[in-house]
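The values are calculated or read from the model by the stated rules, or taken from the named source; none is laboratory data. Just so we're clear, the structure is a prediction, and the values are computed from it rather than from any experiment. In this analysis, Cβ positions are derived from the backbone assuming ideal geometry, glycine residues included, and neighbour counts consider all displayed protein chains.
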């Protein structure tokens with residue numbers, strides 16, 4: 001899992017994305033990092049989510065999948 005302070009603008013990352021309309025549905029999605037004056041965000045589906053220290057961001061699909069299988073399944 002990556003730390004927020006390690007992330008670079010434009011970096012490709014993977015997150016476990018929960019469907020806002022169906023909370024029991026989650027998938028692993030690729031996004032990218034956006035760093036601006038408001039902070040560090042991950043962009044998935046054209047949605048910006050400002051990252052906090054407890055957000056899980058992964059460098060690879062495999063890393064995200066391992067955590068997904070451990071906690072979601």
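Summary table below
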| read-out | value |
| --- | --- |
| Filter result for residue 57 (modelled with pLDDT of 95 or more and in contact with a helix residue (DSSP H, G or I) (Cβ under 8 Å, 6 or more places away or on another chain)) | yes |
| Residue satisfying all of: in region 29-46; out of contact with any strand residue (DSSP E or B) (no Cβ under 6 Å at 6 or more places or on another chain) and over 17 Å from residue 4 (Cα atoms); surrounded by the most Cβ atoms within 10 Å (Cβ to Cβ) among these | 45 |
| Options 63, 55: the member that is touching a residue at least 60 places away in the same chain (Cβ under 8 Å), touching a strand residue (DSSP E or B) at 6+ places or on another chain (Cβ under 9 Å), surrounded by 11 or more Cβ atoms within 10 Å (Cβ to Cβ) and closer than 21 Å to residue 6 by Cα | 63 |
| Any hit, region 7-28, residues being surrounded by 16 or more Cβ atoms within 10 Å (Cβ to Cβ) and outside any strand (DSSP E or B) | yes |
| Some residue of region 34-50 being in contact (Cβ under 8 Å) with a residue 12 or more places away in the chain, more than 24 Å from residue 71 (Cα to Cα), part of a loop (DSSP other than H, G, I, E, B) and more than 9 Å from the chain's Cα centre (by Cα) | yes |
